[in-house]
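Quick notes on the structure that follows.
The values are calculated or read from the model by the stated rules, or taken from the named source; none is laboratory data. This structure is a prediction, so every number in the text was calculated from the model and none was measured. Here Cβ is always computed from backbone atoms with ideal geometry, including for glycine, and neighbour counts include all displayed protein chains.
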Amino acid sequence: MLENIVNFLGENIQMGYILILMIFVGVEVIGNVPAVLHTPLMSGANAIHGVVIVGAIIVMLDTDPSNIAALVLGFLAVLLGTLNVVGGFAVTDRMLEMFKKKPGK
Amino acid sequence: MEYIKEIIYLIASVTFVAGLKLLGNPNSARKGNLYAAAGMILAIAATLILHEGEVATIVYVLIFAAIALGTIVGWMTARKVKMTQMPELVSLFNGMGGACAALISMIEFEHYTDQPSKVAMIAAGMVIGSVSFSGSMIAFMKLNGTMNKAIRLPKYNILNTVLMIAVVAFAVYLVASGTDNVLLVYTLLALALLYGVLFVIPIGGADMPVVISLLNSFTGLAAAFGGFLYGNMVMLTGGILVGSAGTILTLAMCNAMNRPLWNVIFGAFGEQSAAGPGEGPTGNIKEVMAGDVAILMNYAQRVVIVPGYGLAVAQAQHAIHDLEQILVSRGVEVKYAIHPVAGRMPGHMNVLLAESNVAYEKLVEMEDINPEFPNTDVVLVVGANDVVNPAAHNDPSSPIYGMPILDVENAKQVIVNKRSMKPGYAGIENELFFHDNTSMLFGDAKAAINKVIAELKDM
C-alpha cells in the first residue's frame, strides 16, 4: 500500500507543487485585509469553493444511466453544488452592492 | 478538445485568485466577485461541453435540471434574504458545498476500491465534506435562533477529541484494508456527520462567524481532495485557495476579538464566568426616558453612536439613520463607532448601516474614534455590550480581558440602550452600566430610537 501511495505522489508531483504554491497564494491574497471586508471576503471564498460542483458534474457524466442510486445522489450533488455557487456569488454581490453605493452619497 | 478544457480551467483558476485579491479592497470588491463568478461559469461550461465519451441523454437532462433548480432557488434565496440574515445564509451555502463533496465521495467509492491512494482521497473528501455540512447546519440553526444556546455534553472536549481520533482511525482502516464493503463507508459518513454536530454544538452564538469561516476553509479542502481524485486542476486550485485563505481569514477574525482559535473551539467564555458567579460589579443604575435623551442629544455638539448586535436584531438600522439625520439638521456632529466585531460578523455592521444609506465617511473604526471620546458629549450605545465593557482594560480575571474595546466611558455622557439588564454574549456583567455618567434607556432598539426621534421632532 505504501508503494501505491508513493507511486501516486510521484505520478502527480505537479499537483503537489500546485498544492504548496496555492497555499502561499491564499495566505498572500488575504493578508492585511481590513476587518470591514471580512464578511464579504468569507462569502466570496465560500462561493469559490463551490467549484466542487465540477466534480459533481464529472461524476454524473460518467454515471451508468441504469444505476438509479448513483443518478439520484449525483443529481443531489449537482443541485447542492449549484446552490453553493449561485447563492454564494449572489449573496456576496448583494453585500458589496451596499459598499458601492456609499462613496456616491 | 482536452487541451481547450485545461486552458479554460487555467483561466478560471486565475479569475479565482484575482477575484479574491480584488475582494480585499472596498473599491474593487464587487468587480472581484464578478470575475470569480465568470470564471466559475467558464469552468462549469467547459466541464459539461468538452466532456469526452458517450453520455446518455437522461444524464444530461438530470444535470441541467439540477443546475436550473439550484440556480433559481439559490438566486431567489440570496436576493430575498434580509441583510441581518446574511451570516446564516453564508453558513447554509457553505454546508451545501460540503454535502456536495461528501456525495461525490459516496458515489465514487465503489469505482476505486482497488486503488488505495484514490480511496484515501475519497475518504478525506467525505470526512471533511460531512463535517463541514453538519457543522454548518448547526451554525445555521444557531444564527437563525432555532438553537440559541451552547449545548455542552459532559466532558465534551474529551468526547470530541476521541470521536475525531476514531473518525481518522476508521478512515485510515478503510484505506488500508482495501475493503469494498459499502456499509463501512456509510459508517464513516455517519461518524463524520456526528462529529460535525458535536464540534459546533458547544460553541456559543457569538463565535459562529469564526466557526463558519473555519468550516468554509474545510469545504475548500474537501473540494481540493476532489481535485486530487480526478486530477482536476480547477477544483484543486479553487479548493486549496479557499482552504488556505479561509484559514488566514479565521485567524484574522480571532485576532480582531483578541482570542486564540483554540479558545474559540474548546470554549472558555461560559466556563470562566461560571467560575465566579455573583462577583460582578454592583451599584445603582440610572434609567432615563426617551424625552431626556432627546434633550441631551439636541443640545450636544458631538454625538457618537455605537451600534451592536442588538441593533441588528431589532432591525433598527433605518431608525438610527433617521435619528442621525435629525441631529445633523440641528447642527449636531454625528459619527458611528464601529468595533471590528460589532454585529454578527466582522464587517456585518458596516453592511447593515450601508443598507440604510448611512454615509461611508460617518463610520469610524475603533482606533480612529477612541481618541475622540473625551471630546464627545453623548455616546449612544445601541445593543452593544461586550465591545464597550471596561473590564477588558481593568479586570485581568475577566474572560474578555485584553480585548480591544471602544472607550466610551471617557465620553461626558453615555446612554446605553438595552432590552434588559441581561449580560452580553460573553455572559459577563458590564461595570459601564453602573458608572456615574451612564444612563440606561431600556427597550427594544427600534422602538426606543423611534421614541427619541418623536421627542426630538416635538422640540
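I'd like to verify a number: residues in segment A:58-82 that are touching a residue at least 24 places away in the same chain (Cβ under 8 Å) and among the β-branched types (Val, Ile, Thr), how many?
The number of residues fulfilling the criteria is 2.
When both residues are 6+ apart or on different chains and their Cβ atoms are under 9 Å apart, which pairs have a first residue that lies in segment B:2-15 and is closer than 14 Å to B:Thr47 by Cβ, and a second that is exposed (fewer than 13 other Cβ atoms within 10 Å of the Cβ) and β-branched (Val, Ile, Thr)?
B:Lys5/B:Ile49
Quick one: in segment B:172-201, which of the residues that are in a helix (DSSP H, G or I), more than 30 Å from the chain's Cα centre (by Cα) and more than 14 Å from chain A (Cβ to nearest Cβ) is modelled with the highest pLDDT?
B:Thr187
If I filter segment B:37-46 for residues that are among the β-branched types (Val, Ile, Thr) and surrounded by fewer than 21 Cβ atoms within 10 Å (Cβ to Cβ), do I get at least one hit? Can you show your working first?
From segment B:37-46, those among the β-branched types (Val, Ile, Thr) are B:41, B:44; that's our starting set.
So of that shortlist, the ones also surrounded by fewer than 21 Cβ atoms within 10 Å (Cβ to Cβ) come out as B:41.
Yes, because at least one residue in segment B:37-46 is among the β-branched types (Val, Ile, Thr) and surrounded by fewer than 21 Cβ atoms within 10 Å (Cβ to Cβ).
Charged (D, E, K, R) and either without any contact (Cβ under 8 Å) to a residue 24 or more places away in the chain or in a helix (DSSP H, G or I) (or both) - does that describe any residue in segment B:254-261? Spell out how you get there, then give the answer.
Restricting attention to segment B:254-261, the residues satisfying the condition of being charged (D, E, K, R) are B:259.
Imposing the further condition that a residue be either without any contact (Cβ under 8 Å) to a residue 24 or more places away in the chain or in a helix (DSSP H, G or I) (or both) reduces the set to none.
So far as segment B:254-261 goes, no, none of its residues is charged (D, E, K, R) and either without any contact (Cβ under 8 Å) to a residue 24 or more places away in the chain or in a helix (DSSP H, G or I) (or both).
Identify all residues within segment B:32-65 that are free of Cβ contacts under 8 Å to residues at least 40 places away in the same chain, in a loop (DSSP other than H, G, I, E, B) and not aliphatic (A, V, I, L, M); write none if there are none.
Listed by number, the residues that qualify are B:His51, B:Gly53, B:Glu54.
Could you please find all residues in segment B:371-392 being surrounded by fewer than 18 Cβ atoms within 10 Å (Cβ to Cβ) and part of a helix (DSSP H, G or I)? Working first, answer last.
So the first thing to find is which residues in segment B:371-392 are surrounded by fewer than 18 Cβ atoms within 10 Å (Cβ to Cβ), and the list is B:371-372, B:374-375, B:377.
Within segment B:371-392, B:Pro371, B:Glu372, B:Pro374, B:Asn375 meet the criteria.
Which one of B:Met126, B:Met147 is part of a helix (DSSP H, G or I) and not polar (S, T, N, Q)?
Just one listed residue meets the conditions, B:Met126.
Taking the conditions exactly as written (in contact with a helix residue (DSSP H, G or I) (Cβ under 9 Å, 6 or more places away or on another chain) and surrounded by fewer than 24 Cβ atoms within 10 Å (Cβ to Cβ)), does B:Gly129 satisfy them or not?
Spelling it out, it is not the case that B:Gly129 is in contact with a helix residue (DSSP H, G or I) (Cβ under 9 Å, 6 or more places away or on another chain) and surrounded by fewer than 24 Cβ atoms within 10 Å (Cβ to Cβ).
For (1) assigned to a helix (DSSP H, G or I); (2) within 7 Å of chain A (Cβ to nearest Cβ); (3) of a type in the set (S, T, N, Q); (4) free of Cβ contacts under 8 Å to residues at least 60 places away in the same chain, each residue gets a yes or a no:
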{"position": "B:Ala206", "(1), (2), (3), (4)": "yes, no, no, no"}
{"position": "B:Val210", "(1), (2), (3), (4)": "yes, no, no, yes"}
{"position": "B:Gly220", "(1), (2), (3), (4)": "yes, yes, no, yes"}
{"position": "B:Phe228", "(1), (2), (3), (4)": "yes, yes, no, no"}
{"position": "B:Val234", "(1), (2), (3), (4)": "yes, yes, no, no"}
{"position": "B:Gly238", "(1), (2), (3), (4)": "yes, yes, no, no"}
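Kindly list, by first and then second residue, each pair from a residue in segment B:118-136 that is within 18 Å of B:Glu88 (Cα to Cα) to a residue that is among the hydroxyl-bearing types (Ser, Thr, Tyr), limited to pairs with Cβ atoms under 6 Å and residues at least 6 apart or on different chains.
Pairs that qualify, where the first residue is within 18 Å of B:Glu88 (Cα to Cα) and the partner is among the hydroxyl-bearing types (Ser, Thr, Tyr), are B:Val131/B:Tyr195; B:Ser132/B:Thr219; B:Ser136/B:Ser91.
Of the conditions (1) hydrophobic (A, V, I, L, M, F, W, C); (2) assigned by TED's automatic domain parsing to the domain that holds B:Tyr186; (3) within 14 Å of A:Val59 (Cα to Cα), B:Val119 fails just one. Which one is it?
Status for B:Val119: all satisfied but (3).
Which is at pLDDT 95 or above, crowded, with 22+ Cβ neighbours inside 10 Å and not small (Gly, Ala, Ser), of B:Met96, B:Met106?
Sole residue among the options that is at pLDDT 95 or above, crowded, with 22+ Cβ neighbours inside 10 Å and not small (Gly, Ala, Ser): B:Met96.
Of the conditions (1) facing chain B (nearest Cβ under 7 Å); (2) farther than 14 Å from B:Leu103 by Cβ; (3) part of a helix (DSSP H, G or I), A:Gly16 satisfies every one except a single condition; which number is it?
(1)
Suppose we filter A:Val86, A:Val27 for residues that are at the interface with chain B (Cβ under 7 Å from one of its Cβ atoms), assigned to a helix (DSSP H, G or I) and surrounded by fewer than 17 Cβ atoms within 10 Å (Cβ to Cβ); which single one remains?
Among A:Val86, A:Val27, only A:Val27 is at the interface with chain B (Cβ under 7 Å from one of its Cβ atoms), assigned to a helix (DSSP H, G or I) and surrounded by fewer than 17 Cβ atoms within 10 Å (Cβ to Cβ).
Out of all the residues in segment B:66-83, which are surrounded by fewer than 16 Cβ atoms within 10 Å (Cβ to Cβ), more than 7 Å from every other protein chain (Cβ to nearest Cβ) and either of a type outside the set (Val, Ile, Thr) or touching a residue at least 12 places away in the same chain (Cβ under 8 Å) (or both)?
Those that are surrounded by fewer than 16 Cβ atoms within 10 Å (Cβ to Cβ), more than 7 Å from every other protein chain (Cβ to nearest Cβ) and either of a type outside the set (Val, Ile, Thr) or touching a residue at least 12 places away in the same chain (Cβ under 8 Å) (or both): B:Ala68, B:Met76, B:Lys80, B:Lys82.
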